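Beneath this line is the structure, given in structure tokens, with notes to follow.
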Amino acid sequence: MNGADGLARNSVEAGHERRLVTIFGEVAVRRLAYRRKGATNLYPADAALNLPAESYSHGLRALAAAEAARGSFDEAVGAVGRASATTVGKRQVEAMARAAAVDFEAFCAQTKRPCAT
């Protein structure tokens, strides 16, 4: 398997795991690592499963961002805790809300209806 860097990964190793925090709690995602000495591992399952780069799932990030938009970050932390099986800290909720707002202007530029900014 070739990576974006053009290097072939000819070795496959099972048993690699990453942590993912979801609205159902923390899960371990097991996947294959495609390897080459001196190069970073490739995990095609991450793309196939649409896993985010960070440890919080898309669903949990969406919940945190929606709750942060409704009120304070402290209230969002409480709402996420009540609506899910996990606890997320205030800084993490702030970071998820910031990340969700990054492409707001681009989204508004491509929509057919006007957005309030």
* **All helices (runs of 4 or more DSSP H) inside region 43-101 with 3 or more residues being more than 12 Å from the chain's Cα centre (by Cα) and either over 18 Å from V27 (Cα atoms) or modelled with pLDDT of 95 or more (or both)** => 58-70, 73-83, 90-101
* First in region 29-40 and within 9 Å of H16 (Cβ to Cβ), second anywhere and among the hydroxyl-bearing types (S, T, Y), Cβ under 8 Å, 6 or more apart -> R31/Y43; L32/Y43; A33/Y43
* To do: Could you please find all residues in region 45-85 being within 30 Å of G3 (Cα to Cα), among the hydroxyl-bearing types (S, T, Y) and touching a Leu at 6+ places or on another chain (Cβ under 7 Å)?
  => S55, S57
* of a type in the set (F, W, Y) and touching a helix residue (DSSP H, G or I) at 6+ places or on another chain (Cβ under 9 Å), is that true of Y56? -> yes
* So which of A14, A33 ends up being surrounded by fewer than 15 Cβ atoms within 10 Å (Cβ to Cβ), outside the structural domain of A83 (by TED's automatic domain parsing), modelled with pLDDT of 95 or more and in contact with a Leu (Cβ under 8 Å, 6 or more places away or on another chain)? -> A14
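The values are calculated or read from the model by the stated rules, or taken from the named source; none is laboratory data. What you see is a predicted model; the values in this text were computed from it and never measured. Cβ sites come from the backbone with ideal geometry, for glycine too, and all protein chains shown count toward neighbours.
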